[in-house]
Amino acid sequence: MMSDLNRRWYDEVKDLTERLVRINSVSPSVERENACAAAIQQALEERGVAASEWRMRADERKIVWALVEGGAVPAEAERVPTVILLGHLDVAGVQDYGSSLDPFDPVALRAHWLDQYRADPATSDERLLDAASGEWMFGRGSFDMKSGVAAQIAVMGALQREKASLPGNVLMISTPDEEVESAGLMDALDPLVKLRDERKLDLVGVINADYTAPRHPGDETRAIYRGTIGKLLCCFYVRGCETHVGEAFRGLDANLIAANLVRATNLNPALCDEADGEITVPPVTQKVRDLKARYDAQTPLSAVVHCSRLIHAWTPKDLLAQMTEAAREALDDAQQQRQAAWRAYARRHSTSEKLDGLSGQVFTYQELHNAAAAKLGLEVLSEELERRTFSTLTRTREALDALPLSEREFLLDRARLTDLDSRERSLAAVRTLVDIGLREGVIDSRRPAVVAYFAAPFFPPVRAVPDAGLSRAIDAEVATGAYGWTSAPGSGPAVNSAPRPGVWPLELRSFYPYVSELSFMRVDDPVYESLPLLRANFPLWREEGQETSANLWREGFGVPFETIRKLDCDVANIGPWGKEAHGCGERVHMPYSFETVSELTYNVILRLLADRAVGQAVQEPINLEENP
Ligand SMILES: [Zn+2]
C-alpha cells in the first residue's frame, strides 16, 4: 500500500475524478457533454489556469482547451516548445447498469458491490474482491477516462504554480464525442493549427490519458504506449444467383458465399498484423446479413459481411489485396461445394446430367466505379449514384424533422431506421453502383459477384518512433525506477528488478490496443501514401472542401489528413489502469491512476521541454557564442 508520504497527487485526482464521474456525459448530447466541459473549465480555473473552448461545427458542443505558458522560454526561440495533453470528456452508454444502479455515483456503486462481497466473502468474483480491497473507484467514466482528465487537470495546476521556470508550454485539450465518431477531435484540429500558428507553438508531443487495462486475466502490468493501433471496417457485398428454393441447384445462395467469407476471415491468425514486437488480434465479423426484405420462396439474392480489422503496419492497400483474395476463395469454394453436392445428389437420382458452372466475379469498389464511369462518363455516374443512394435517406430525415422531438426519439429508439447508420449508407451506395453495373453490362447478371469496399470507422495506426523526443523523455523517466520495472525487450533500459510494494511492472509498448484519438494527431507516410486507394474504395468518403450539397456532406465520412499532416506530433498514452471499460463493473485502480499517472505525466513533460530547450540551443550556435 501507498504511504501518505508518497502521495503528492492522490487526494486531488481522486476528488476531481469523483466530481467528473458524477456528471452524466454520455455522448452524443449537447447538454450532458457541455455540463462536463463546464466542470473541467471550472476545475482548471480553480487552479488559476485560464480555460477556453472551441465549438463543434454541427451542434456547438464544447471542446475545452487551456494553455499554461512557461516563463523560461529562451527569448531568442522562434517557436515555443509545447506539449499537448489530450483526453475525452464523454463516456460510453450506460445500458449495462440496468435500472437499479446509478452509473454516476461511485460511492453507492462501491457500497453495492461491497454488500455483495459481504454476503459471500469466499467469492472468486474479481469485481467483488476489488470492491473489498478499497483500492478501486467504480462508475461510468471512472476509468474511461475521467480519471485521466482529472490527472491532467492536477498536472496543469502544478505547472501553473511553477510556470515561471517552465521552458515551454503545456496545452490541455478535452474533446466530446470520442465514444461516437471522434467528431469533437476532428473539429479541434483546425483551431489547433490556428492556435499553433498564432502563438508560434512547436508541438513537441501529444500525451493522451485514455484507459489501460490488464491484457490477460491476472495481468498486473501497467503500460505506456508510444503509438496507437489502427482500425478499419472491411466490407463485402455479395451477389448470388437467385433461385426458387424448390430448385436449389439452379442458383447459388448469396448466404453460402457470405458464410465462406466469414469462415475465411473470422479469427484467422494469418490476418493478424505483426509489427514492432506486437501482434493484433485476428479479425472478427461485425455483421452478416442477407438483404432480403420479406419472406418469399426465392433464395436471397444478396448479402453483406462487415469485418473489423485491426492494423499495425498494414495499409488499406494491403487489406484490400487480402479482401479480394478472400472473396475469390469464397466464390470458388461455394462453386465447388455446389458441384460436389450436385454430384452426390445426381448419383442418388441416377442422373448423369451436368451442372452449369457459376464462376464468380470479384470487384473492388474502385474497379466497379471505374468500369461504370467508362460507360457513362464520370459526371453522369456521380450524379446518379448520389441521387439514388441518398433519396431514401433524405426522405427519412425529412419525415423525422417534421415530427415533435419525443416522437422522433421514439422512432429512432424503436424503429429500425437503419438508413441513418453510416455503414448502411455505404451499403446503399454499393447497391446502387452494382445496379448501374448490371444495367451497363459491367457485371454479368448470370454469375455471382463480390464487391470489396471500406466503411467507417477508420482509425489509422500511428507507429512508435523510438528516437523521438517524447519517447526519449519517457525512457529517461521510466529508467529512474520510480514507477516499477520494465521487462519488454527493446523497450528501453531494464531497471529495478526487485518488486516493491505499491509498485507494478511497467512496460513500454508500441501500440495502444483499444483505438484512440491519437490516430488523428499524426499520419505516418505509408498510410498517407495509400490514401488515394482508400478514398477510391470508401463509398462515403468526403474530402475537405469537396463540392457537394450541405445535405449530403453530413452523410459522408472523412478524416482531415492534410490538417493532421500539418500537426505531425509524436504521440504517447499514459493513462489510468482499471477494468471493465464500458461495462457496469467499470472501475479504476486508484493508487496507480491517481498518483503514478500524474507523477509520470508531470515528469515526462518537464523532461521533454528541457530536452527541447537544450536541443534548440544546440541548433542555434549564435546563441552559444553570445553566452560563452
Ligand atoms: Zn476512452
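Values quoted throughout were computed directly from the atomic coordinates according to the rules given, and no laboratory measurement underlies them. Because the structure is predicted, anything quoted here is derived from the model rather than measured. Cβ: placed from backbone, ideal geometry, glycine included. Neighbour counts: every protein chain shown.
Using the scaling law 2.2 N^0.38 Å as the reference, what is the normalised Cα Rg of segment 12-147? Please list the in-between numbers first.
Numbers: Rg = 19.1 Å, N = 136, 2.2 N^0.38 = 14.2 Å.
The reported ratio for this selection is 1.34.
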Once you place label points 7 Å from the Cα toward the Cβ at Lys287 and Arg8, how far apart are they in nm?
4.9
Treating the angle as unsigned and between 0 and 90°, give the value, to the nearest 10°, between the Cα long axis of helix 378-401 and the longest Cα principal axis of the chain.
70
Would you compute, for the Cα atoms of segment 230-459, the largest minus smallest coordinate along each principal axis and list the three values in descending order, in whole Å?
66, 51, 40
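How big is D for the chain, in µm² s⁻¹ as a whole number, if Stokes-Einstein is applied with the Kirkwood radius of its Cα pairs at 10 °C and 1.306 mPa s? Kindly include the intermediate steps, with their values, before the conclusion.
On the way: Rh = 27.0 Å.
After rounding, the answer is 59 µm²/s.
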Under the 0.36 nm per residue contour assumption, what length would be gained going from the current alpha-carbon distance of Phe410 and Val245 to full extension?
55.6 nm
What residues qualify as long-range amide H neighbours of Tyr512, i.e. H under 5 Å apart, gap of 5 or more or another chain, H built at 1.01 Å from N?
Arg226, Gly227, Thr228, Ile229
Taking a threshold of 29 Å on the Cα-Cα distance, which of the pairs Lys163/Lys200; Lys163/Lys579; Lys317/Lys566; Lys62/Lys200 fall above it?
Lys163/Lys579
For the chain, longest principal axis from Cα atoms; helix 30-46 axis from its Cα atoms; angle between them, nearest 10 degrees, is 20
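For His312, His216, what's the fewest-to-most ordering of other Cβ within 10 Å of each Cβ? If you can, show how the numbers build up before the last one.
On the way: His312 21, His216 6.
Arranged by neighbour count, lowest to highest, His312, His216 become His216, His312.
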Hey, fewest Cβ within 10 Å first, where do Phe104, Phe538 land in order?
Phe104, Phe538
Can you work out the Karplus-derived ³J(HN,Hα) for every residue in segment 329-344? Use 6.51 cos²θ - 1.76 cosθ + 1.60 with θ = phi - 60°, whole Hz, and x for glycine or proline.
5, 4, 5, 4, 5, 4, 4, 5, 4, 5, 5, 5, 5, 5, 4, 5
State to the nearest 20 debye the size of the charge dipole of segment 230-459 about its Cα centre, where the only charges are +1 on K and R beta carbons and -1 on D and E beta carbons.
760
Whichever lysines have a C-alpha closer than 16 Å to that of Lys14, once near sequence neighbours (fewer than 8 apart) are set aside:
Lys146
With a 10 Å Cβ neighbour count serving as the proxy for reagent exposure, in which order, fewest first, do His244, His306 appear?
His244, His306
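How big is the antiparallel share of DSSP beta bridges in the chain, given as a percent to the nearest 5? Write out the running numbers ahead of the final one.
Values: 47 of 76 bridges.
Just about 60 percent of them are antiparallel.
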Please give the net charge around Leu438, taking every other residue with its beta carbon less than 10 angstrom from that of Leu438, where Lys and Arg add +1 and Asp and Glu add -1.
-1
Largest-first principal axis extents, alpha carbons of segment 247-371, Å:
60, 30, 30
Please list, or write none, the aspartates and glutamates whose alpha carbon is within less than 20 Å of the alpha carbon of Lys292, excluding same-chain residues fewer than 8 places away.
Glu242, Glu247, Asp253, Asp419, Asp421, Glu424, Asp435
Phi-derived 3J(HN,Hα) across segment 601-612 with the Karplus relation (6.51, -1.76, 1.60, θ = phi - 60°), rounded Hz, x for Gly and Pro, is 4, 4, 5, 5, 4, 4, 5, 5, 5, 5, 4, 5
Measure nothing but the geometry: give the 0 to 90° angle between the long axis through the Cα atoms of 147-161 and the longest principal axis through the Cα atoms of the chain, rounded to 10°.
30
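Helix-only mean residue ellipticity at 222 nm, the chain, DSSP H runs n ≥ 4 weighted -39,500 (n - 2.57), per residue, nearest 500. What is it?
Details: 19 runs with 254 residues, N = 628.
About -13000 deg cm²/dmol.
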